[in-house]
Amino acid sequence: MNSHQPYALLEALNLDVHYGGIAAVKGISFAVEEGELVCLIGANGAGKTSTLKALARMIPASGEIHYRKERLDQLPSHALISRGLALVPEGRGVFARLTVAENLAMGAYHRNDTAEIAADLNRIYALLPRLKERAEQVAGTLSGGEQQMLAIGRALMGRPTLLLLDEPSMGLAPLMVEKVFEVIRTVAAQGVTILLVEQNARLALQTCTRGYVMESGKITLADTAANLLADPRVRAAYLGE
Amino acid sequence: MKPYVRFPRWFGLALIALALLLLPHLLTQVGTAWVRIANFAILFIFLSLGLNIVVGMAGLLDLGYVAFYAVGAYVWALLASPHFGLHMPFWAILPLGALLACIAGAVLGAPTLRLRGDYLAIVTLGFGEIVRIFMNNLSSPFNITNGPKGITRIDGMNVAGMNFSATDTFLGIPFSGPTKYYYVLLLLLLLVIVVNLRLQNSRIGRAWVAIREDELAAKAAGINTRNVKLLAFAMGASFGGIAGGMFAAMQGFVSPESFVLHESIMILAMVVLGGMGNVWGVIAGALLLSFVPELLRYTVEPAQKALFGKMLIEPEVLRMLLFGMALVLMMRFRPAGLWPESRHKREMSEMKEEAA
């Protein structure tokens, strides 16, 4: 595991998630440093999404979550975005019957700096020009990839420090997956710290600087992305070699 | 632009206002009963606009909404009738009824916060029945509601010495009791519509719509879903409370029989028929479902007598048949309601475009 740094942006200690009697996440600990692009890879049902939802306080969990100098595990989910922590939920979760523009506006719901919001909106339209073209279209009528872009754009409207991305490649055509990851790289390059949960291990490791491998609720490997890509266990289990 | 004569906006509004002001006098010519029917139609607009906040905007299917109507009605009945010997003025009990209904909305809403869809509908249906059964049984050991017999001789409205149950004459024009109530209701209606339109486009309104669309994403966007949902229940209920108070005053009698599940379903039908989420659509739905049954009552019987010499189908039966047919046709041709919320409409038309 990565050496224990005193001021990690996000740090989870002994995170534990149960669904009824079934343990989905079994006391894992990990950290994300400011400016990093970290991925959490693993098979279906390994507990990746549960981990991310627990971080975003969407499901009950035990253990400690340190974010900056606060304990996230003592905050309600709606209080996170104003602290710079944004979640892009699995399955995109756009507001299907609102327009693209209205969706993006919802991302800035907690803010009231009107001029800054307008500036951010233009920045996001520049980053994701498809959204600008479709600004007045209802989100439910967008393609899967466009909806994913919208979900990311909406999260960015909250000016996050840390972006939690849950399976952004899910259900998308390969070409669209490439585009979505291109956006993720750009966002990271702009200084947003990213924790990415992804089943597409190869793409995730190629994109990120560091990675954790999850297996039935536990973190089994933690290393730099390059080392993980070279690791024979990862190659055998997740890269299909 | 099409070449047509453009009247200024105020001109149209003035015409509508004039028509609404003259309406009770015109209806009196047909029969005083029609003024009462118009009054009830306005009450149902209050109710369906209240339910629209919960169902249409926040997307929480509430099948027990009539409970809040009952709370408002019983508050008025208990505080302004010989039952307890209390005769409080309307300006005290109408807001009090709204407030208590509002609290009841929050209290009944609180345990349902984690539920959605069908489960929410079942629990709210249960709550609606619980309130009615309470009204039915709170007659012993202490007689609070007088049970199924209901409360009689409820005070009507009384403003500055003007009694709303008697006819007065101003400037040679007779104003019957129902006509006076009509004007009060019209005034309240204006207030209710303004509040609803403001809500629809407010920050809270957007939060409700976000919860309706995706609760998780709404939370991630920083919306306190628990509080915002409770607010929807509470605000919706307070409109029900106002309607209930006016109902008690107009009828002079309340009993648990007026607050059965069927009423909740009627109100829901008004919201769905008109167009969930759109204030004007809901108003249209409430007017339609209030007036059509009455029209049937007055036309079906004479028409059948004239045609067949006797009554073959009761108007009640025909009403249900027509409602059923209307619902089926609606689902087929206008699934988003007669006058849908603009975003629903947008979605429908875009789907068509995409298909083409």
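Laboratory data are not the source of any read-out in this text; all were calculated from the coordinates shown. What you see is a predicted model, and the numbers here were worked out from it, not measured in a lab. Don't worry about glycine lacking a Cβ; one is built from the backbone with ideal geometry, like all the others, and counts go over all protein chains shown.
What to note about this one:
- Stretchable slack from residue A:82 to residue A:13, in nm (0.36 nm times residue separation minus alpha-carbon distance): 22.6 nm
- If you run the Gaussian network model on chain A, springs between alpha carbon atoms under 10 Å, then out of A:86, A:189, A:61 the most flexible one is A:189.
- For the set A:132/A:179; A:26/A:69; A:69/B:219; A:48/A:132, the pairs lying more than 28 angstrom apart at their alpha carbons are A:48/A:132.
- Computed FRET value (nearest 0.05) for residue B:334 with residue A:173, which takes r as the C-beta separation and R₀ as 35 Å: 0.50
- ³J(HN,Hα), Karplus 6.51/-1.76/1.60, whole Hz, each residue of region B:249-256, x for Gly, Pro: 5, 6, 7, x, 8, 10, 8, x
- Dipole of region B:19-276, positive direction: furthest Cα of B:217, B:133, B:151, with charges on the beta-carbon: B:217
- 5 angstrom amide H check on residue B:175, placed H, neighbours 5+ away: B:168, B:169, B:170
- Cα-based equivalent ellipsoid, chain B: semi-axes from gyration tensor eigenvalues, Å: 32, 28, 22
- Using the Cβ-Cβ distance between residue B:99 and residue A:218 with R0 = 56 Å, the FRET efficiency computed as 1/(1 + (r/R0)^6) comes to roughly 0.55.
- Label point distance in nm, residue A:44-residue A:133, each placed 7 Å from Cα along Cα→Cβ: 3.3 nm
- Electrostatic dipole magnitude of region B:19-276 [Cβ: Lys, Arg +1; Asp, Glu -1; Cα centre; debye, to 20]: 380 debye
- Here the extension length gained between residue B:195 and residue B:21 equals 60.5 nm, from 0.36 nm per residue of separation less the Cα-Cα distance.
- Within chain A, helix-based [θ] at 222 nm, where runs of 4 or more DSSP H residues each add -39,500 (n - 2.57), nearest 500: -10000 deg cm²/dmol
- Cα gyration tensor category, rounded, prolate or oblate, for region A:1-155 with a/c compared to 1.5: prolate
- Calculated FRET value between residue B:318 and residue B:122, using beta carbons and R₀ = 30 Å, to 0.05: 0.45
- Between region A:159-179 and region A:13-38, the C-alpha centres lie 20 angstrom from each other.
- About its Cα centre, the dipole of the protein assembly as shown is roughly 940 debye, where the only charges are +1 on Lys and Arg Cβ and -1 on Asp and Glu Cβ.
- Only one residue of A:163, B:55, A:41 has its Cα farthest out toward the positive end of the dipole of the protein assembly as shown, where Lys and Arg carry +1 and Asp and Glu -1 on Cβ, and that residue is B:55.
- The slack in the chain from residue B:163 to residue B:292, taken as 0.36 nm per residue of separation less the alpha-carbon distance, amounts to 43.3 nm.
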